Amino acid sequence: MSKRNAAQTPPPGDRPIKTLERVLSRAGLGSRSEARRWVGEGRVKVNGRVEGDPNRWIDLERDRVLLDDRPIEKQEHVYLLLHKPKGYLTTYRDPEGRKTIYDLLPDRQQYLFPVGRLDLDTSGLLILTNDTAFAERLTNPDYHVPKTYLVKASTHLSDEQLDSLRRGVELRDGPTRPAIVTRVRESGGRTVFTITITEGRNRQVRRMVEALDAKVLKLVRTAIGPIEIGELAAGATRELTRDEVDVLRR
Ligand code: URA
């Protein structure tokens, strides 16, 4: 493993682990480069000692991080649900100046980050938060949080093809886990179906459909666990209720 990868790969285990610079930036205090500067200036303590390495691994549930002697976990947590429209990047800033999800967010002090990603051409439910531990649990593959998508395929898909999506298809990064698939309708020789998967691999739904020799024409994430996009208009946001946050935590 290269030195760079070794530094970026968290130690094994199922605890939420992040580098110190990420913990600081994700607490809503500033960017990662600002966080590195604070560490360099000796303003950051971990478990009572000044820490000089911004890449040090932090256990979010055990380590105590202070900035200027103030605990960073005292930040108020914010949980937003965004109905991401097609054509927006799930990134903070695009070097090519394309539209990003941050163009859609109401002005906020805290730095909110997306929990997982949706492709440029995917629309639907995206959660943004400054609660690192919450985000870690939701994206950790070991927790198998179900995500549901509405898919329009470029061809008619037979019952056997939908069955193979249910059982799992072979992708270049390994077979997919069992999925729940429901045919919704046939429209002009194209199949519309819903699929619930418990993984979050890169472009997973698109690649699963491509494994059937079809393409995805439209992809909308309609739910994460029991939280549904409902009537929220494309481009709009709303805060998650306390109950919704608690349900997702479980
Ligand atoms: N699967 C995809 O292929 N794309 C997404 O954006 C989300 C899931």
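The values are calculated or read from the model by the stated rules, or taken from the named source; none is laboratory data. Since we're looking at a predicted model, the values are computed, not measured. Don't worry about glycine lacking a Cβ; one is built from the backbone with ideal geometry, like all the others, and counts go over all protein chains shown. Keep in mind that these areas ignore ligands, DNA and RNA; they rest on the heavy atoms of the full protein, side chains included. Shrake-Rupley method; radii C 1.70, N 1.55, O 1.52, S 1.80 Å.
Just so you know, in the range 1-53 the residues that are of a type in the set (Val, Ile, Thr) and within 23 Å of the chain's Cα centre (by Cα) include one that is modelled with the highest pLDDT, and it is 19.
Rundown of residues vs (1) touching a strand residue (DSSP E or B) at 6+ places or on another chain (Cβ under 8 Å); (2) open to solvent by 60 Å² or more (accessible area, probe 1.4 Å), yes/no style:
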| residue | (1), (2) |
| --- | --- |
| 168 | yes, no |
| 174 | no, no |
| 184 | yes, yes |
| 188 | no, yes |
| 192 | yes, no |
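The combined condition, being surrounded by fewer than 20 Cβ atoms within 10 Å (Cβ to Cβ) and either in the same structural domain as residue 241 (by TED's automatic domain parsing) or farther than 29 Å from residue 199 by Cα (or both), is fulfilled by residue 107. Scanning the range 205-221 for residues that are over 20 Å from residue 83 (Cα atoms) and either in contact with a Ser or Thr (Cβ under 9 Å, 6 or more places away or on another chain) or surrounded by fewer than 13 Cβ atoms within 10 Å (Cβ to Cβ) (or both) turns up 207, 208, 209, 211, 212, 213, 214, 215.
Listed conditions (1) of a type outside the set (Lys, Arg); (2) assigned by TED's automatic domain parsing to the domain that holds residue 88; (3) more than 19 Å from residue 125 (Cβ to Cβ) are all met by residue 189, apart from (2). Within the range 45-85, the set of residues being assigned to a loop (DSSP other than H, G, I, E, B), farther than 25 Å from residue 226 by Cβ and not small (Gly, Ala, Ser) comprises 47, 51, 53, 54, 55, 56, 62, 63, 64, 68, 69, 75.
If you check residue 130 against the conditions, is it of a type outside the set (D, E, K, R), over 11 Å from the mean Cα position of the chain (by Cα) and away from the ligand (no atom under 16 Å from the Cβ)? Yes; evaluated as a whole, the condition is true for this residue. Residue pairs whose Cβ atoms lie under 9 Å apart, sitting 6 or more positions apart in sequence or on different chains, and linking a residue in the range 209-220 that is assigned by TED's automatic domain parsing to the domain that holds residue 186 to a partner that is among the acidic types (Asp, Glu) and at pLDDT 95 or above, are 211/170; 216/121; 216/210; 218/121; 219/119; 219/121.
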